[in-house]
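Nothing in this text is a laboratory measurement; each read-out follows from the coordinates by a stated rule. Just so you know, these numbers come straight off a predicted model, no measurement behind them. Here the Cβ is made from the backbone with ideal geometry for all residues, glycine too, and neighbour counts use every protein chain on show.
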Amino acid sequence: MKTLKTATILAILSFFTLAFTVKTDGYKVGDKIENFKLKNIDDKMVSLSDYKAAKGFIIIFTCNMCPYSVANEDRIIALDAKYKTKGYPVIAINPNDPNVSTGDGFEDMKVRAAEKRFTFPYLFDAKQDVFPKFGALKTPHVYIVTKNTMKVEYIGAIDNSSKNADAVTEKYVEDAVDALLVGKKPEKTETRAIGCSIKVDEKTYK
Amino acid sequence: MLFVGIISCKKEVVKETIKEETTQISSVKTYNYNELKPLLEKSDDKIYIINFWATWCAPCVKELPYFEKIKQDYANKNVEVLLVSLDFPKQVNKKLIPFMNKHKIQSKVVLLDDINEDVWIKAINESWSGAIPATLIYSKKNRKFYEQSFEYEALEKEVLTFLN
């Protein structure tokens with residue numbers, strides 16, 4: 001009887017461990033990331049290893065339709081303008097399933113990128129197998145990665161005023177990249193902001 | 001006396017128009033996090049369901065009727081629903097209020113407008129990434145946070161864990 005009880009408790013415990021680790025899966029600060037290869041809006045495949053001269057990457061999960069992404073578009077363009085030449089280009093990735101999020105399809109991405117004149121790749125996670133590796137949960141969601149170690153140095157928001165660029169008082173991503181550029185660790189490595197959940201088809205996803 | 005008479009006359013007129021149009025909402029109260037906080041930690045005998053949503057968030061809009069239904073179905077079980085909108089402040093008159101009127105939202109709606117997202121998202125729940133929809137259910141004995149969408153059955157199942 002006692003062993004049965006213990007077995008039941010163990011089973012319950014392992015169930016809970018499983019149930020709770022599913023969501024927290026994904027890269028943490030300090031983790032080494034795998035390279036990925038995704039299709040860009042110019043129909044060419046882009047991979048991190050293509051960037052021979054880069055020191056690192058500002059990887060941003062974003063999309064066309066989320067108002068928080070839209071509110072950050074100009075800031076994403078500005079980040080690329082400021083840091084691409086310094087060795088930290090922006091790599092934008094749309095993680096959404098367009099069947100669930102109308103307007104987030106590959107052709108829609110081309111249109112939006114042309115309208116806003118994106119200077120960075122805007123990749124489509126068509127199989128939705130890249131964003132879960134990162135553990136991205138929303139758009140926008142930023143990951144800063146250094147190239148020589150391929151380690152995550154920062155996860156979070158672009159700055160401290162996601163919905164209103166005029167009220168920004170702390171530029172998290174800029175501060176982190178500036179630190180990395182002079183060989184320091186970012187002071188803030190994790191921040192949060194409101195965003196749109198990444199859209200998956202509950203019936204077919206995984 | 002005459003003054004009182006006038007007021008009561010006016011009141012009756014107002015009442016009639018309300019009856020005809022059903023209750024039209026014309027404003028939504030805006031809170032910063034410190035103002036909202038007391039609503040997230042009441043210690044009476046009720047069960048509070050706090051849903052973080054926005055009119056622009058499609059999965060939020062989809063699940064909203066389930067929160068409205070829970071409010072109705074469990075009103076006599078001391079269950080209260082609060083819908084915390086994260087709509088952009090400039091969209092309140094253009095989007096939020098028309099949405100509430102169109103869908104005849106019965107639950108209490110407030111707007112959360114606070115720049116310190118990095119602080120209050122963590123404060124509301126350590127595990128919350130900031131993605132919406134998200135829901136907090138609490139009583140004085142128990143507290144659970146859900147960064148997910150709900151179907152009615154799943155929501156009811158969670159509420160029942162608070163009732164039993």
Exercise. Filtering segment A:51-75 down to residues that are more than 14 Å from chain B (Cβ to nearest Cβ), touching a strand residue (DSSP E or B) at 6+ places or on another chain (Cβ under 6 Å) and within 28 Å of B:PRO133 (Cα to Cα), which residue is surrounded by the fewest Cβ atoms within 10 Å (Cβ to Cβ)?
Worked result: A:ILE59
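Listed here are the residues, each with its yes/no results for (1) touching a residue at least 40 places away in the same chain (Cβ under 8 Å); (2) touching a helix residue (DSSP H, G or I) at 6+ places or on another chain (Cβ under 8 Å); (3) farther than 22 Å from A:ILE198 by Cα.
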position: B:TRP120; (1), (2), (3): yes, yes, no
position: B:GLU126; (1), (2), (3): no, no, no
position: B:SER139; (1), (2), (3): yes, yes, yes
position: B:TYR146; (1), (2), (3): no, yes, no
position: B:LEU160; (1), (2), (3): no, no, yes
For this session: Hey, can you tell me all the residues within segment A:175-188 that are of a type outside the set (A, V, I, L, M, F, W, C) and more than 12 Å from chain B (Cβ to nearest Cβ)?
Result: A:ASP175, A:ASP178, A:GLY183, A:LYS184, A:LYS185, A:PRO186, A:GLU187
Exercise. From the set of residues in segment A:142-169 that are of a type in the set (Val, Ile, Thr) and touching a helix residue (DSSP H, G or I) at 6+ places or on another chain (Cβ under 7 Å), which is farthest from the other protein chains (Cβ to nearest Cβ)?
Worked result: A:THR146
Problem set entry | Subset tally (residues that are in a loop (DSSP other than H, G, I, E, B), within 15 Å of the chain's Cα centre (by Cα) and surrounded by fewer than 21 Cβ atoms within 10 Å (Cβ to Cβ)) for segment A:138-158 | 1
Exercise. For A:GLY183, are the conditions met, namely being on the phi > 0 side of the Ramachandran plot and either small (Gly, Ala, Ser) or touching a helix residue (DSSP H, G or I) at 6+ places or on another chain (Cβ under 9 Å) (or both)?
Worked result: yes
Seminar exercise, completed: In the set A:TYR122, A:TYR172, the lone residue that is among the aromatic types (Phe, Trp, Tyr) and away from every other protein chain (no Cβ under 13 Å) is A:TYR122
For this session: Being surrounded by fewer than 16 Cβ atoms within 10 Å (Cβ to Cβ) and out of contact with any Phe, Trp or Tyr (no Cβ under 9 Å at 6 or more places or on another chain) is the filter; apply it to segment A:189-206 and report the residue that is nearest to the other protein chains (Cβ to nearest Cβ).
Result: A:GLU202
Exercise. Does B:VAL159 count as farther than 25 Å from A:LYS138 by Cα, β-branched (Val, Ile, Thr) and over 14 Å from the mean Cα position of the chain (by Cα)?
Worked result: yes
For this session: Working only within segment B:111-125, note down all residues that are farther than 24 Å from B:VAL92 by Cα and of a type outside the set (S, T, N, Q).
Result: B:LYS122, B:ALA123
Seminar exercise, completed: Among strands (runs of 3 or more DSSP E) entirely within segment B:83-154, at least 2 residues that are away from chain A (no Cβ under 14 Å) and either over 24 Å from A:THR62 (Cβ atoms) or of a type outside the set (Ser, Thr, Tyr) (or both) occur in B:108-112, B:134-138
Seminar exercise, completed: Checked pairs for segment B:49-76, first within 13 Å of chain A (Cβ to nearest Cβ), second surrounded by fewer than 19 Cβ atoms within 10 Å (Cβ to Cβ) and basic (Lys, Arg), C-beta under 9 Å and 6 or more apart or across chains, list as B:ALA54/B:LYS95; B:THR55/B:LYS95; B:TRP56/B:LYS95
